[in-house]
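The values are calculated or read from the model by the stated rules, or taken from the named source; none is laboratory data. Predicted model only: the values in this text are computed from it and were never measured. Neighbour counts run over all protein chains shown; Cβ positions are idealised from the backbone, glycine included. Quick note on the areas: whole protein, heavy atoms, side chains included, nothing else; ligands and nucleic acids left out. Shrake-Rupley method; radii C 1.70, N 1.55, O 1.52, S 1.80 Å.
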Amino acid sequence: MIKPEVPQNKSQYSPMAKSSVRNKPFSCFSDGFLYLGGALLAFLLVWSLWSYTVPHSFEPKGKSATNHAQTQQCVRENPAVNLGYDPPDQTFYDDQELSYSIERPMKNWDAKRKEWLKRHPSFAPGARDRVVVVTGSQSKPCKNPIGDHLLLRFFKNKVDYCRIHGYDIFYNNVLLHPKMSSYWAKLPVVKAAMLAHPEAEWIWWVDSDAMFTDMEYKLPLRRYDYRNHNLVVHGWEKLIYKEKSWTALNAGVFLIRNCQWSMDFMEKWSSMGPMSSEYKKWGPIQRSVFKDKLFPESDDQSGLIYMLYQDKGLMDKIYLEGEYYFEGYWADIVPTYDNITEKYTELEKEDGKLRRRHAEKVSEQYGVFREPHLKEAGNGKGSWRRPFITHFTGCQPCSGDHNQIYHGETCWNGMVKALNFADNQVLRKYGFVHPDLLDSGTVTETPFDYPDDGPW
């Protein structure tokens, strides 16, 4: 069979090649398509280049706009709270009779606070656990040459703790009532903080000479909610009602619920202070009950114990926390730091999860990881658990007029050791530690598997 010859020119066997006249329109039409296709390709190329180099000046619409908005919300610090929204609706702040002064009673506070939260719905979630830490010092420079430095470090310690646990903090250094000075100065500040922070369930007063020495531990708020306690202090019932001691509790650290009961209680408590016309009578009354009270004038701690002694029913609302160091006496605690450090180091060597590097923001989780290892550590005096708060009562870091039962250097060195003990827990998140707790200026970078690896 002879194979057909393949034509050299394809037009020879194209059906359209039968008429050269009919082929002309098609040729024009084809050229048009080619032109439009080339133009479209060029446009897409230019658009692609432009979109990579020029930022968009418009927001996408429809479903993509929703996704974009959600992405923007994900990067916010706290997407649940809207700090930029304060509606024009009237609240208690618009009442011209409102007074922040400790001398002016606050009435119907629970209803007013509830209404404020209703008007600011973004603050409602989590309100039950919201805490504001309040502390402060005098408005003038310290007499003790190192006093201002120590107070700055005490405040830094509180800021560190609040940052780790998401608490707000307010530092006050002025008298909010001219007569309520010294240890009475805290009550006017606490009342003002309640009014300034209706979003917070708790106001937590911490003296300027008290510091956090367990940076992972978090307040067990559910314990205080269980029977609706409104005030938490470190103390012992036996010392109030049997031994009648003015050291039965310590009023330098207390947690108070932001509610009407607390407003009424502070009004009564402050009536034993120097703003009262009956102030002078309260010192002798307190000393007649508490024989170990050292000084003649009425003080806030003796006043609180006296109210509990006179009305035991207050125990229904006041929780005497003695199960852990809600605050602890520094002279008992400071000598234990070295042993505690060794114990915690051993725990971390045994459990790699505890020594894993992590972001500071997730520190609370590692506190939870540590708890099962601390069941045998105990709490309070004799425990090798980190003390929650170390309180340098009697040391007076600002004035330097420390209790004469202590040597001044004992106080100052104890403070430095405690501050560095706490600071090491913070610096670990940043890759460093103080190898010597009495040397504040020297730090060492931690190796990858610290403390399992290295001469520690």
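Residue count for segment 248-267 under the criterion of being open to solvent by 10 Å² or more (accessible area, probe 1.4 Å) and in contact with a Gly (Cβ under 9 Å, 6 or more places away or on another chain): the result is 1. Go through segment 81-98 and report how many residues are surrounded by 13 or more Cβ atoms within 10 Å (Cβ to Cβ) and more than 26 Å from residue 158 (Cβ to Cβ). Qualifying residue count, segment 81-98: 4.
Every listed requirement among (1) modelled with pLDDT of 95 or more; (2) hydrophobic (A, V, I, L, M, F, W, C); (3) open to solvent by 50 Å² or more (accessible area, probe 1.4 Å) is met by residue 102 save one, (3). The single condition from (1) open to solvent by 20 Å² or more (accessible area, probe 1.4 Å); (2) farther than 21 Å from residue 346 by Cα; (3) not in a helix (DSSP H, G or I) that residue 395 fails is (1). Right, residue 350: within 23 Å of residue 136 (Cβ to Cβ) and acidic (Asp, Glu) or not? No, not satisfied. Restricting attention to segment 114-143, the residues that are among the aliphatic types (A, V, I, L, M) and without any contact (Cβ under 8 Å) to a residue 24 or more places away in the chain add up to 1.
Residue by residue through segment 252-274, note down the ones that are assigned to a loop (DSSP other than H, G, I, E, B) and either β-branched (Val, Ile, Thr) or touching a Phe, Trp or Tyr at 6+ places or on another chain (Cβ under 8 Å) (or both). Hits for segment 252-274 are 258, 259, 272, 273, 274. Against the test of being aromatic (Phe, Trp, Tyr), over 25 Å from the mean Cα position of the chain (by Cα) and either open to solvent by 10 Å² or more (accessible area, probe 1.4 Å) or under 24 Å from residue 185 (Cβ atoms) (or both), the options 329, 319, 306 yield a single qualifying residue, 306.
When segment 185-204 is filtered for residues that are open to solvent by 30 Å² or more (accessible area, probe 1.4 Å) and of a type in the set (A, V, I, L, M, F, W, C), only 196 remains. Does residue 180 satisfy the condition of being hydrophobic (A, V, I, L, M, F, W, C) and over 25 Å from the mean Cα position of the chain (by Cα)? Yes, satisfied. Here is a list of conditions, (1) closer than 30 Å to residue 295 by Cα; (2) open to solvent by less than 20 Å² (accessible area, probe 1.4 Å); (3) touching a His at 6+ places or on another chain (Cβ under 7 Å), and residue 390 meets all of them except one; can you say which number that is? Unmet for residue 390, out of (1) closer than 30 Å to residue 295 by Cα; (2) open to solvent by less than 20 Å² (accessible area, probe 1.4 Å); (3) touching a His at 6+ places or on another chain (Cβ under 7 Å): (3).
I'd like to check which helices (runs of 4 or more DSSP H) are fully inside segment 125-237 and have at least 1 residues that are touching a Leu at 6+ places or on another chain (Cβ under 7 Å) and over 30 Å from residue 360 (Cα atoms).
186-196
Going by the conditions given, is residue 427 without any contact (Cβ under 8 Å) to a residue 24 or more places away in the chain and over 30 Å from residue 249 (Cβ atoms)? So residue 427 passes the test. Please indicate, with yes or no, whether at least one residue in segment 236-245 is of a type in the set (S, T, N, Q) and open to solvent by 30 Å² or more (accessible area, probe 1.4 Å). No, every residue in segment 236-245 fails to be of a type in the set (S, T, N, Q) and open to solvent by 30 Å² or more (accessible area, probe 1.4 Å).
Only residues that are farther than 16 Å from residue 215 by Cα, part of a helix (DSSP H, G or I) and open to solvent by less than 80 Å² (accessible area, probe 1.4 Å) were counted in segment 349-362, giving 2. Scanning segment 128-184 for residues that are of a type in the set (Val, Ile, Thr) and open to solvent by 10 Å² or more (accessible area, probe 1.4 Å) yields 146, 159, 164, 169, 174.
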